[in-house]
Each structure stands twice: as structure tokens, then as C-alpha cells.
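The block underneath contains the structure these notes are about, expressed in C-alpha cells.
Since every read-out is calculated from the coordinates, none of them should be taken as a lab result. Please read all numbers here as calculations on a predicted model, not as lab measurements. Please note: Cβ atoms are built from the backbone with ideal geometry, for glycine as well, and neighbour counts cover all protein chains shown.
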Amino acid sequence: MDNVTSLMTTPVVQADPDEPFRDVVRRMHAHRVGSVVVTRAGRVLGIVIERDALRIEAERAGTERVGTER
């Protein structure tokens, strides 16, 4: 069985908590990753994942549930 080291992406793709969300999504796309670790002064504050981007876009489009027609 593979261990985490053999599966993880390095270097870690990071973002600043004050960075515009659009820039973070672009970085995810550019690095071909599904998540970005949010850090400040070397401390992990959280993570942004592809699902967050989908949720934000759905909210901007004014839909409550993606895939549901009204």
C-alpha cells in the first residue's frame, strides 16, 4: 500500500487568507491541484478545495442546489 508521502503533491500550494478567491482558484488550476492550503506566517489556517469554488459559483449564479432545475 502507498504511504502519504508517495501520494502527496509537493511543494504545497498555498494562499494568504487576504488573497482574492479568484486568484486562489486560478492558482489551483495552474498547478493542477484540487486544494490550496491557507497559511499566515507559516501557520496553517485552513484549506480551500474545489468544492468551495463550485459552491461560490453556484451562489453567484443564484442557484440553491447545483443540478436542480426550477
### Message
Let me check against my output: what whole-number percent is the relative contact order of the stretch 1-65, with C-alpha pairs under 8 Å and at least 6 apart?
### Response
24 percent
## Note on the structure
Taking R0 as 30 Å and r as the Cβ-Cβ distance between ASN3 and THR39, the FRET efficiency 1/(1 + (r/R0)^6), rounded to the nearest 0.05, comes to 0.80
### Message
On C-alpha positions alone, give me the angle between the axis of helix 50-60 and the longest principal axis of the chain, in degrees, nearest 10.
### Response
30 degrees
### Message
Quick one: 3J(HN,Hα) in Hz for the stretch 12-27, Karplus 6.51/-1.76/1.60 with θ = phi - 60°, rounded, Gly and Pro as x.
### Response
5, 7, 10, 9, 8, x, 8, 6, x, 4, 4, 5, 5, 4, 4, 5
### Query
By DSSP, what percent of the beta bridges with both residues in the chain are antiparallel, rounded to the nearest 5?
75 percent
### Message
So if I place +1 on the C-beta of Lys and Arg and -1 on the C-beta of Asp and Glu, and nothing else carries charge, what would the dipole magnitude of the chain be about its Cα centre? I want it in debye, nearest 20.
### Response
40 debye
### Task
Let me have the 222 nm mean residue ellipticity of the chain computed from DSSP H runs of 4+ only, each contributing -39500 (n - 2.57), with the sum over all residues rounded to the nearest 500.
-10500 deg cm²/dmol
### Task
Could you check the simple spin-label distance between ASP16 and GLU50, using points 7 Å along Cα→Cβ, in nm with one decimal?
2.8 nm
### Query
Restricting attention to the stretch 1-57, which trypsin sites (Lys or Arg not before Pro) occupy a DSSP loop and are surrounded by at most 12 other Cβ atoms within 10 Å?
ARG32
### Summary
FRET efficiency for GLU57 and HIS31 from the Cβ-Cβ distance with R0 = 25 Å, rounded to 0.05, comes out at 0.80
